[in-house]
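Worksheet for the structure shown next.
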Amino acid sequence: MEHRDKITNALWHGFPNARWVCADTYATLDWMSDDIPKPTEQEFNDAITAWEVEYDAQEYARNRQAEFPSIPDQLDEIYHNGIDSWKAVIKVTKDKYPKG
């Protein structure tokens, strides 16, 4: 993920009601929300770090999503082979990408 995308996600997550424009550093942060105080450079950096930690912690979920069968295929598996067969199919991916 590009640094600009990290900044965008971090600011949207940390300051969801704020309006701003930012190229790629705190120095380029143009804060346009008079009713919400502009974060300090430390708060800006902390928001990016917090978002990166959360993003990294969800890597297993992104990997699972990419490998799970589609919902129609999962429903077809349940219909034709039952819940236990479906659980076995899903378990392969869950075991490959365990939570944290």
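For segment 54-100, which residues satisfy the criterion of being hydroxyl-bearing (S, T, Y), more than 30 Å from L11 (Cβ to Cβ) and in a helix (DSSP H, G or I)?
Y79, S85, T93, listed by residue number.
Could you tell me whether any residue of segment 37-44 is at pLDDT 95 or above, surrounded by 15 or more Cβ atoms within 10 Å (Cβ to Cβ) and in contact with a strand residue (DSSP E or B) (Cβ under 9 Å, 6 or more places away or on another chain)?
yes
From T8, T49, grab the single residue that is touching a helix residue (DSSP H, G or I) at 6+ places or on another chain (Cβ under 9 Å) and not small (G, A, S). Break it down into steps so the answer makes sense when it comes.
Details: T8 fails: touching a helix residue (DSSP H, G or I) at 6+ places or on another chain (Cβ under 9 Å).
Going through T8, T49 in turn, the sole match is T49.
Would you say K99 is basic (K, R) and at pLDDT below 95? I'd like the intermediate steps shown before the answer.
Working: basic (K, R): yes; at pLDDT below 95: yes.
When the stated conditions are applied, K99 passes them.
Of everything in segment 59-72, what is surrounded by 14 or more Cβ atoms within 10 Å (Cβ to Cβ) and within 18 Å of the chain's Cα centre (by Cα)? Give them in sequence order.
Y60, R64, F68
Residue by residue, here is whether (1) acidic (D, E); (2) surrounded by 12 or more Cβ atoms within 10 Å (Cβ to Cβ) holds:
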{"position": "H3", "(1), (2)": "no, no"}
{"position": "T8", "(1), (2)": "no, yes"}
{"position": "P16", "(1), (2)": "no, no"}
{"position": "D30", "(1), (2)": "yes, no"}
{"position": "Q74", "(1), (2)": "no, yes"}
{"position": "Y79", "(1), (2)": "no, no"}
{"position": "T93", "(1), (2)": "no, yes"}
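The values are calculated or read from the model by the stated rules, or taken from the named source; none is laboratory data. These numbers come from a predicted model, not from an experiment. Don't worry about glycine lacking a Cβ; one is built from the backbone with ideal geometry, like all the others, and counts go over all protein chains shown.
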